[in-house]
Ligand code: AOF
Ligand code: ZN
């Protein structure tokens, strides 16, 4: 297995633990022996548990001696809830460490220097973009900005409508697209909706089938109108209802701050159109995932509400990053032109 293949495998391993590690980063690690044969692999365990490198070292045992560690994030040099991965790699007799991205935190970062000082060969910057724009995007963003990474998801018809004239909206997209939304939910720490969506659709906002962990359900509900029997209040997952007592009205940055302080690193914003417009206008959307169904409604609310754009020159432009067919629908992924738009 060459280094890039090993890093791709490490990315895959880290992707599989997205949504389970926060506030820690989802990291993946692959260990190769002297011949380049994979002898261990691992990913970050839930908070307080071992880091990716430690899981991989445990699996490899003595076969790690003299080998190479391929890790998506620079190994930590600090003792936090667990011991330093740098020390564990050195103790296991690893001779080379290959890293995709640096750890930007003050306490854990700098592991690369520690490893070099201990005499190990260190190579950095292997597939950094795959990692930084992939599984670590949310965590790196939260480190850099101090707020969670926001993915706005919507489903709409070809003419951009998310509901019919009578406000019915079940189901615009096909079953595979809805399953894909559940996968997205499983990758984030919190799913956020406005009270309008709760009152209109009574969504449960859980991941189904249950992967064994559920994102926090968050309702932005200034006036405390979430009905007692609303499905978001069931016991399937934790729920946070943010009223005007918790955050000032319309202060989305303050709402994100409350979530960040609870360890939320990434959120999925699921509607409705008025809340989505407010997030976009506040420059708080970091990624858009749109599911477009080959259907027309001709009338009914648009996926996003009024953005205050009056003329074509004022259109908010995004960079198209990915287009996939999902069942009979299309999934578009786009990002703001500039980081932190
Ligand atoms: C690694 N490998 O798999 C992860 C790292 O409190 P602790 O001990 O769990 O440390 C958390 C910090 O360690 C976290 O903020 C980040 O800087 C780093 N995470 N480091 O070497 C891993 N998850
Ligand atoms: Zn570590």
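The values are calculated or read from the model by the stated rules, or taken from the named source; none is laboratory data. Remember, predicted model here, so these are calculated numbers, not experimental data. Because the Cβ atoms are built from the backbone with ideal geometry, glycine has one as well, and the counts that use them run over all protein chains shown.
Tabulated data for the structure shown
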read-out	value
From the options 218, 258, residue that is within 24 Å of residue 281 (Cβ to Cβ), touching a strand residue (DSSP E or B) at 6+ places or on another chain (Cβ under 6 Å) and not in a loop (DSSP other than H, G, I, E, B)	218
Count of region 322-341 residues which are part of a strand (DSSP E or B) and farther than 18 Å from residue 155 by Cβ	2
Complete set of residues in region 49-74 that are more than 8 Å from ligand 2 (Cβ to nearest atom), touching a helix residue (DSSP H, G or I) at 6+ places or on another chain (Cβ under 7 Å) and in a helix (DSSP H, G or I)	57, 64
Residue satisfying condition, being touching a helix residue (DSSP H, G or I) at 6+ places or on another chain (Cβ under 6 Å) and at pLDDT 95 or above, within set 158, 127, 136, 184	127
Residue match in region 12-19 (condition: within 11 Å of ligand 2 (Cβ to nearest atom) and either in a loop (DSSP other than H, G, I, E, B) or touching a helix residue (DSSP H, G or I) at 6+ places or on another chain (Cβ under 9 Å) (or both))	no
Within region 67-90, tally of residues that are more than 8 Å from ligand 1 (Cβ to nearest atom) and either under 14 Å from residue 25 (Cβ atoms) or at pLDDT below 95 (or both)	1
Total residues in region 243-259, condition touching a helix residue (DSSP H, G or I) at 6+ places or on another chain (Cβ under 7 Å) and under 24 Å from residue 24 (Cα atoms)	1
Single match in 144, 77, 81, 167 (criterion: farther than 30 Å from residue 299 by Cα and in contact with a helix residue (DSSP H, G or I) (Cβ under 8 Å, 6 or more places away or on another chain))	77
Some residue of region 49-63 being assigned by TED's automatic domain parsing to the domain that holds residue 122, at pLDDT below 95 and either crowded, with 16+ Cβ neighbours inside 10 Å or more than 10 Å from ligand 1 (Cβ to nearest atom) (or both)	no
Qualifying residue in region 28-37 (condition: over 16 Å from the mean Cα position of the chain (by Cα), within 10 Å of ligand 1 (Cβ to nearest atom), in contact (Cβ under 8 Å) with a residue 12 or more places away in the chain and in the same structural domain as residue 124 (by TED's automatic domain parsing))	yes
Residue that is nearest to the chain's Cα centre (by Cα) [pool: residues in region 181-210 that are in contact (Cβ under 8 Å) with a residue 40 or more places away in the chain and within 13 Å of residue 236 (Cβ to Cβ)]	185
Complete set of residues in region 85-96 that are buried (at least 20 other Cβ atoms within 10 Å of the Cβ) and either free of Cβ contacts under 8 Å to residues at least 12 places away in the same chain or within 9 Å of ligand 2 (Cβ to nearest atom) (or both)	85, 86, 88
Condition met for residue 298 (in contact (Cβ under 8 Å) with a residue 40 or more places away in the chain and surrounded by 13 or more Cβ atoms within 10 Å (Cβ to Cβ))	no
Pick from region 97-106, criterion surrounded by 13 or more Cβ atoms within 10 Å (Cβ to Cβ) and away from ligand 2 (no atom under 13 Å from the Cβ), ranking: farthest from residue 68 (Cα to Cα)	104
Per-region count, region 72-84, residues closer than 14 Å to residue 44 by Cβ and surrounded by 14 or more Cβ atoms within 10 Å (Cβ to Cβ)	7
Helices (runs of 4 or more DSSP H) wholly inside region 107-165 that include at least 3 residues being more than 15 Å from the chain's Cα centre (by Cα), outside the structural domain of residue 322 (by TED's automatic domain parsing) and surrounded by fewer than 17 Cβ atoms within 10 Å (Cβ to Cβ)	111-117
